[in-house]
């Protein structure tokens, strides 16, 4: 089993109702697996998840990025403005 944390920022944090979530997934999990798990367990996150920026251990990541035990994943909403 893999375990780690997810840090949520701005509107993603507001949708989830918290800023940090502990996660546990099976070996071989990817960021995509984690996002799918979060969509199932956190109502309100689903509509934001297609446009989030994702980092794993402070490095930008893709949905195909493999997760390791102890990883810290951060989810950021898209930034707009002028």
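Read the figures in this text as sums done on the coordinates, not as results from a lab. Keep in mind that this is a model prediction, so the values were computed, not measured. Backbone-built Cβ (ideal geometry, glycine too); neighbour counts: all protein chains shown.
Ignoring everything except DSSP H segments at least 4 long, calculate the 222 nm mean residue ellipticity for the chain; use -39,500 (n - 2.57) per segment, divide by total residues, nearest 500. Working shown, then result.
Details: 2 runs with 18 residues, N = 82.
Rounded to the nearest 500, it is -6000 deg cm²/dmol.
Over the chain, what is the percentage of antiparallel beta bridges among all DSSP beta bridges, to the nearest 5?
Percentage antiparallel, nearest 5: 75.
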Check your understanding: Can you list, bin by bin at 5 Å, the percent of alpha carbon pairs in the range 2-76, starting at 0?
Key -> 3, 17, 33, 29, 15, 3
Review point. What is the spin-label model distance, in nm, from residue 22 to residue 37 if the labels are put 7 Å beyond Cα along the C-beta direction?
Key: 1.3 nm
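Quote to one decimal, in nm, the extra length available between residue 51 and residue 10 on full extension: 0.36 nm per residue of separation minus the C-alpha distance between them.
Values: separation 41, 0.36 × 41 = 14.76 nm, distance 1.33 nm.
Value of the extension gain: 13.4 nm.
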